[in-house]
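Working notes for the structure below.
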Amino acid sequence: MTFFTIVLMITVLLNLWTILNSLFLLPLSSAERLKKEPRVSLLIPLRNEEENVEGLMNSINSLSYPSLEVIFLDDHSEDKTYKKLLNETRNDPRFKVHQGKELPDDWNGKVHACYQLSELASGDYYLFLDADARVAPSIIQQTLATMEKHGASMLSGFPHYPNDHFLSHMLVPLQHMVVQLHLPLAVANFTKQPIFTAACGIFIMVERNAYEAIGGHESVKGSLVEDVHISREMKKHGYKMVLANITPSVLSYMYHHPKETWAGFQKNIYTGLGRSAALVVILSLLYTLLFLVPFGFIAVAFVEGSWLYVLPYLLTVSFKMYVDARTGHPLWLSFFIPVSIVLLILIMISSMTVHIRGKSYQWKGRSYE
């Protein structure tokens, strides 16, 4: 069996696995399926988000859920976030705006903000939402109906990302690809094994009693990937957590500038890999085999004069195109998958290097170890 045949078989299996695995990414249920309407606290931390306040408020004002309180917490913003919040919410009793307390030494900034929000909330369910998120009017009903259907105490998902610059186009949608490639979704959604889970802090709905039982955000106070760690804590304590395809109903303007994109991934990716240098090496080699070697066979196609050698690359494109089609991203992105993979490998190495050198990760004016 030739090396080309092996690579071709691997790319075929890549597509088959992804299609099969994606069948277990739960769709959001119809809003009409919701049987009860418990009180929901929509909890939104903001730090230096003045560009997002107006769009966020427009989105929240469109929500159709009746039993809702909305609490904002300005986490020591250095821009006009707090002033804009006050202006947008004045004379509207549905909204409460608070200023955050000083960040304790052993807390992550966003985690501490979410903790403070939970202390202010009165709902039966908490919906933690990032300021750069925009949601469909019926998203709360859909989420609660999905949790009700599957007996879950927590639901999260990765939103659609309408990126506006090249680096974000190349990197941000890979979150969907990585989940559907690496996470066995049947195990993640239908068992309580903590190791098999994923979550996205942009959108997390959690039942209050379960949240308090695990110790809330205080239980993960020092984490840079608190979303994943909270989902693991839920499962460790015997609660069911599910991952849903929320892309039809939630989008996120995650990063506005290339520098911000790089800094965000650099802060999170090595920590998300358990700060394991071995795992960085293994994944770099795996991605090279899965995505870069097939692209390299294009050169062989020219040399040999046989376009059969282009097939492995086209199969990697079809894999990425399938994921992008399901998550609402432009299909042209799939043809750039070798570029995305090179950037992903580089940022894994960069993130690892920051930690190995004993430096701090920088994000929104704060330093993280």
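The values are calculated or read from the model by the stated rules, or taken from the named source; none is laboratory data. The shown structure was predicted, so the numbers you read here are calculated from the model rather than taken from an experiment. Every residue, glycine as well, gets a Cβ built from its backbone with ideal geometry; the counts of neighbours run over all protein chains shown. Ligands, DNA and RNA are stripped out before the accessible areas are found, and what is left, the full protein with its side chains, is counted by its heavy atoms. Shrake-Rupley method; radii C 1.70, N 1.55, O 1.52, S 1.80 Å.
Okay, here's what the table says:
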read-out: Test: residue 288 is open to solvent by less than 40 Å² (accessible area, probe 1.4 Å), out of contact with any Lys or Arg (no Cβ under 6 Å at 6 or more places or on another chain) and touching a residue at least 24 places away in the same chain (Cβ under 8 Å); value: no
read-out: Within segment 334-368, tally of residues that are within 21 Å of the chain's Cα centre (by Cα) and either on the phi > 0 side of the Ramachandran plot or assigned to a loop (DSSP other than H, G, I, E, B) (or both); value: 1
read-out: Residue 310 crowded, with 19+ Cβ neighbours inside 10 Å, out of contact with any strand residue (DSSP E or B) (no Cβ under 7 Å at 6 or more places or on another chain) and part of a helix (DSSP H, G or I); value: no
read-out: Residue among 281, 303, 317 that alone is modelled with pLDDT of 95 or more, part of a helix (DSSP H, G or I), aliphatic (A, V, I, L, M) and surrounded by fewer than 20 Cβ atoms within 10 Å (Cβ to Cβ); value: 281
read-out: Selected residue (only one of 7, 12 is assigned to a helix (DSSP H, G or I), within 25 Å of residue 294 (Cβ to Cβ) and either open to solvent by less than 10 Å² (accessible area, probe 1.4 Å) or in contact with a strand residue (DSSP E or B) (Cβ under 9 Å, 6 or more places away or on another chain) (or both)); value: 7
read-out: Members of segment 68-96 that are within 22 Å of residue 123 (Cα to Cα) and crowded, with 19+ Cβ neighbours inside 10 Å; value: 70, 71, 72, 73, 74, 75, 85, 95
read-out: Index of the failed condition, residue 65 passing every other in (1) within 30 Å of residue 322 (Cα to Cα); (2) of a type outside the set (Gly, Ala, Ser); (3) modelled with pLDDT of 95 or more; (4) crowded, with 16+ Cβ neighbours inside 10 Å; value: (1)
read-out: Hits in segment 115-163 - residues which are outside any strand (DSSP E or B), touching a Gly at 6+ places or on another chain (Cβ under 8 Å) and not polar (S, T, N, Q); value: 115, 130
read-out: Matching option when the condition is farther than 30 Å from residue 3 by Cα, small (Gly, Ala, Ser) and either open to solvent by 60 Å² or more (accessible area, probe 1.4 Å) or touching a residue at least 60 places away in the same chain (Cβ under 8 Å) (or both), among 360, 350; value: 350
read-out: Single match in 169, 176 (criterion: buried (at least 21 other Cβ atoms within 10 Å of the Cβ) and part of a helix (DSSP H, G or I)); value: 176
read-out: When residues of segment 241-263 are limited to those that are open to solvent by less than 40 Å² (accessible area, probe 1.4 Å), of a type outside the set (A, V, I, L, M, F, W, C) and closer than 23 Å to residue 205 by Cβ, the one farthest from the chain's Cα centre (by Cα); value: 249
read-out: Residue count, segment 320-333 (criterion: outside any helix (DSSP H, G or I) and either crowded, with 16+ Cβ neighbours inside 10 Å or among the aromatic types (Phe, Trp, Tyr) (or both)); value: 2
read-out: Among (1) open to solvent by 10 Å² or more (accessible area, probe 1.4 Å); (2) touching a Lys or Arg at 6+ places or on another chain (Cβ under 8 Å), the one test that residue 222 misses; value: (2)
